[in-house]
Each structure stands twice: as structure tokens, then as C-alpha cells.
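A short write-up of the structure that comes next.
The values are calculated or read from the model by the stated rules, or taken from the named source; none is laboratory data. Worth saying up front: this structure is predicted, and the values here are computed from it rather than measured. Note that we place each Cβ from the backbone using ideal geometry, even for glycine, and neighbour counts take in every protein chain shown.
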Amino acid sequence: MESNLVDIIKSIVEEINTNLPVLSIDGEKIYLCNTLHLTIGKTIKDATDKEYKIKEFKINEYIVVEPFGHTDPFTGAVVVAPSLTFLHGDPKSTNNEYQQLSNRTSAKTPFIWLVESYSANNTRRDSAVDLSFSARVFLLDWANTPKWTNTEHNDNVIKPMENLLRVFLQVIDDDYNFKRLDTPRIDVRPRFGDPIGDPTNLIIDEDLSGIDVSFNLEVYDAGQCCTVVEPINTCIAATNTLNGNQIDGTLIATNKNISIVDDLGAIINPTILNDTKTNLDLEIVGGGSSDLKVYYNRPDIVNMPSYATYDEGDLFNTNYDPPFLIPNDGVYQQKDLSINEDYLVYNNVWGHKFRLTSLTGGYYDFNDGQYKDVNGNLSTFIDEFRLPSAGVNNTDGLIVDHLTGLSHRSIRGGAANYLNSLSSIPGTVYAGYSDYRSPTLAFMLTLWSPNMLNFLYPANRQPFQYNQPTLWSCTPYIVAPTTTAFGIIVTYGSFPSSMAGARNKHFCRIQYQRNQFVIQ
């Protein structure tokens, strides 16, 4: 079995049979048990490659066709549906490859797109599951966006793509290499990638509609699976294995006793397996999911005396970031201090362990001093972090901290006194977000560690680009809450400072809520 998700999804797509048996024919109407992805305007073929265009259809009942390029009526026993295109990659590269496939939309739609990057995890050694993938797949087809109504989008593309999805998932369920899927998340995507009707905003440069499905795909360990053996001469002794132990001296057409025992050696279920294909359904009592939920590790907000709107007391009282107790099947994300302050114990949502990333998963690789994109390819700060539509210069970007679930602006926000800093930050629209706050002292100090001589300034904590050393937190100084607040010297820690003094603003927002998690 393949161990690469791209190859696995590609093989699943190739398993989808586009030869559809005909139940009966009534003039131009062809009755089918399964119409798969067929829809208005699609071209089908008969067994001799004659083409017919669909002018009417009903899901999983019939299609009505007319000859295309000839005058012969359809008389075949099989309808050959258009083939499926498989794509994989991030949106930009996928769009580039899609454009290069063909100048004819009909020659490359519908397509099934595996979004990269994805998460892949090895499971425990004693687990029957070898690999676990968190996959996101789009099933998309051409849509006449300028002319179609919402109902036409639904009838002509969404329903056929839902039909195709059912077959796609059935291929997975029918393959014993995969653990049966839990309920996948399915989102309908009419007018895909065009949220405001602006063609320049399309994710894929095409008018598309379809289905967005996310699921965990678990692949069984091939070493623990039974293999179907080709028939051999019944007079030859067969050598077989079970869980790595040889079973010798067995002749074909004879039986072999296999006892299933518990840890103490007690027989659970004596079973005789004949030399035929045998399916074993085993239930592990008392077991559970091997998925580990990794939650964002962010300090609780304490109820400091509230002095002004947007300070720490306001955050606490408005329940902006309440404390959270993780469930029994979860752990908090942690720093891997054996590697680096900015390296994690568990994967982030992008499938790697770098703590500080861009909005698209790019990161600064401290191992070689290079910026990388989400797939580990060489890149730059400008390409990964800078947001030209929002940033004020080439060092202005947004950094996501996958330890805490917070995001931070990469540069200082300019000098201000305490009250001006608190009041001006929430009104700022940056990188498409408008819910920024000045960080609490506890939030800010998540970026600091005794192991670091400088945790933001000077600019040796990339991808941060700070060029001045003092910042405001939103936490008032508890001894004098109406006159003094905690500031930050970003080379070593915090200090009480007069609220009338000038410190730099720091833009912070909650990118991921505390109770969100990443499956490992």
C-alpha cells in the first residue's frame, strides 16, 4: 500500500469506474442506476467512441442525450462518462497546473483536488493503523456562474458532485487497506473561490462549483494484514506467516488451527481458517481512538483591576479568552527546548513543527537561516509573511504562534502613551482582521524565555522585525492601576511604567481559540 497521501488519493480517483451500465434506452433517454458526475452539457461516449451531449438529466435515474458530430442514436450497453482529473498542491501551484492542462474546460473538468499541505502521522507501534492523514479534498466542476441561478448551481453541479463524492468515499470504505472513515466534514462550495463576485479573486481561474470534504484517512499496517495468495499446486507445501511468525508444513486444502489469546495466554476464540479468502472482524474492547488532540497552550487571563476599555480587566470581564480545561484525550502544545524555543513537540495545523508561521504556513528555518514556504521550499520574508495590501513596508507582516494560538504583527505599531495604545489598536484593520488587542502581560511573555538573551529586539528573533526595544502590554500595574501599567523591554522582560510615557504599540489577536486542537 502506498504511504504517500498524493499517491493514495490518486489511486482512489483511478478506482472510480466511469463506465456506467445502461439499464434501458427510450429514444434519447438513457436510464442508468448511477449517473456519477454527469450533468447538463457534458459529453458522453458509447463503446465505439461516438459522442453524445447531455441536454437533460435526473440524478441516478436517467440522462437525455443528442448526437454530437453525427446523427446516430445511442444504442450501447455502457455510457462512458468524462474522465476525472486529479490535482494536488497549494492553491497557487494548483491553479498554474490547471491552466496548463488544456485550453478546453471540458477536457479537465470535473477534477478532484487534494489540498496541500496536509498532516501525516505515524501511529503507535502496537496499533493496526500504520499512518494517519488529515486530508482536505475538493470535487469541482465547471459552472455557468454569470448566468445560473442558485438553484441551477445546486442542481447542475452541487448534486452531481455530491453523487461523485459518495462514490469516492465508497471506494475508500470498500478497500480493506483503510480503516472505515468517521463522518467526514462536507461543505458545499457554490461559486467556488469567488466570495464577492470579483473574477480577480478566484482561487482557480475558472467558474467552478462543488464540494469541500475534510476527513482523517487511516491506513492499516500492511505487515498486519492478510495477503491474498495466488493459487498454487495443491501438492506443494505452503509457507505462510501470521503476525510475522511462520506457519510451516501446511498443505493447500488442509486446515490450520489458529488460537487468539489474551495477554495472559487464555484462549479468547478458537478459530479454524480454511485456505480461502477470510475476513476477520476484530473488536478491541476497552480501546479507543489513537488520535491525539493537541490544544493551544495559552495562559489564562487574570482579573487585574480594570482601568480602561481594552485593558486586561476588560478582556477578562468580556470573556474574550476564557480559561479552558483540555479533555482527557488531549495535551497542550509544548516547546521542544531540546531543539529551539521556536520548535514544537507536536505538529502545527500545517503539518510541521515550526512554531512561528505566516498565514499560509511559511516559516523561518533557524537550522539554515532561510525562509521556507509551507512545503519546505526556499522562500523569503516578503513572499511568506509580508501582506502588500496591508503592510506599511517590506518588514510588515502577520506572525502566527502555534504554541499559543495568538498572532502578532511583525513590527512595532508606533509610539503612544498607554491609553492611546489601548484605544487605537482595536480600530485597526490589518491583514483582513479587525479584532486586534494590545496583548496582556501574560500573552506577551509567552514570546519570552530565560533561555533567550533577546526575545524580539534586536531583530534576531526572525520572523519578528522589531527595531525598538519597548512595548505596552494591556495589563495595568496592580499596585497603582490608574497611573502605571506594565511595559515590556523586549530584550529581557517586563517593568512598571507611567501610563503617560511613550511605549510602542503591539498588535495581537487570537488566531486560534483555546479549545481548538490539531489531530496528531
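Restricted to strands (runs of 3 or more DSSP E) entirely inside the stretch 1-104, those with at least 2 residues that are among the aromatic types (Phe, Trp, Tyr) and in contact (Cβ under 8 Å) with a residue 12 or more places away in the chain are 51-58.
The condition of being in contact with a Cys (Cβ under 9 Å, 6 or more places away or on another chain) and of a type outside the set (Lys, Arg) holds for only one of Leu344, Leu406, that being Leu406. Of all residues in the stretch 46-82, those being surrounded by 13 or more Cβ atoms within 10 Å (Cβ to Cβ) and among the hydroxyl-bearing types (Ser, Thr, Tyr) number 2. Within the stretch 33-45, is there a residue that is under 24 Å from Asp173 (Cβ atoms) and in contact with a Ser or Thr (Cβ under 6 Å, 6 or more places away or on another chain)? No: zero hits. In the stretch 137-190, which residues are of a type in the set (Lys, Arg) and surrounded by 15 or more Cβ atoms within 10 Å (Cβ to Cβ)? Once the filter is applied, which keeps residues that are of a type in the set (Lys, Arg) and surrounded by 15 or more Cβ atoms within 10 Å (Cβ to Cβ), the stretch 137-190 yields Lys159, Lys179, Arg189. Give Asp155, Asp141 a once-over and let me know the one that is part of a strand (DSSP E or B) and either of a type in the set (S, T, N, Q) or over 16 Å from the mean Cα position of the chain (by Cα) (or both). After ruling out the rest, the residue left standing is Asp141.
If the condition is being farther than 18 Å from Thr105 by Cα and free of Cβ contacts under 8 Å to residues at least 12 places away in the same chain, then the stretch 132-169 contributes Thr149, Thr151, Glu152, Asp155, Arg166. Residue check: is Lys10 out of contact with any Lys or Arg (no Cβ under 9 Å at 6 or more places or on another chain), at negative phi and basic (Lys, Arg)? Yes, satisfied. None of Tyr307, Tyr363 is in contact with a Ser or Thr (Cβ under 6 Å, 6 or more places away or on another chain), assigned by TED's automatic domain parsing to the domain that holds Thr404 and farther than 26 Å from Phe455 by Cα except Tyr307.
Would you check if Leu38 is at negative phi, at pLDDT 90 or above, hydrophobic (A, V, I, L, M, F, W, C) and surrounded by fewer than 16 Cβ atoms within 10 Å (Cβ to Cβ)?
For Leu38, the condition - at negative phi, at pLDDT 90 or above, hydrophobic (A, V, I, L, M, F, W, C) and surrounded by fewer than 16 Cβ atoms within 10 Å (Cβ to Cβ) - is not met.
Restricted to the stretch 406-520, the set of strands (runs of 3 or more DSSP E) holding at least 2 residues that are modelled with pLDDT of 90 or more and surrounded by 17 or more Cβ atoms within 10 Å (Cβ to Cβ) comprises 406-409, 470-476, 484-489, 508-510, 517-519. Specify the residue that is farthest from the chain's Cα centre (by Cα); the eligible residues are those in the stretch 306-319 that are loosely packed, with under 14 Cβ neighbours inside 10 Å and part of a loop (DSSP other than H, G, I, E, B). Among them, the one singled out is Thr309. Taking the condition more than 30 Å from Val374 (Cα to Cα), in contact with a strand residue (DSSP E or B) (Cβ under 7 Å, 6 or more places away or on another chain) and of a type in the set (Phe, Trp, Tyr), does Phe138 pass? Answer is no for this residue.
Residues that are surrounded by fewer than 16 Cβ atoms within 10 Å (Cβ to Cβ), farther than 23 Å from Asp141 by Cα and either more than 39 Å from the chain's Cα centre (by Cα) or not charged (D, E, K, R) (or both) within the stretch 2-24 comprise Ser3, Asn4, Leu23, Ser24, listed in sequence order. Residue count for the stretch 497-520 under the criterion of being of a type outside the set (S, T, N, Q) and over 30 Å from Asn467 (Cβ atoms): the result is 4. Looking at Tyr363, is it closer than 30 Å to Asn420 by Cβ, buried (at least 17 other Cβ atoms within 10 Å of the Cβ), of a type in the set (Phe, Trp, Tyr) and at pLDDT 85 or above? So Tyr363 fails the test. Considering the conditions (1) over 17 Å from Gln516 (Cα atoms); (2) part of a loop (DSSP other than H, G, I, E, B), Asn348 is excluded by exactly one of them, (1).
Residues of the stretch 188-213 being touching a helix residue (DSSP H, G or I) at 6+ places or on another chain (Cβ under 9 Å), modelled with pLDDT of 85 or more and not hydroxyl-bearing (Ser, Thr, Tyr), which ones?
Across the stretch 188-213, the qualifying residues are Val188, Arg189, Pro190, Arg191, Asp207, Leu208, Gly210, Ile211, Val213.
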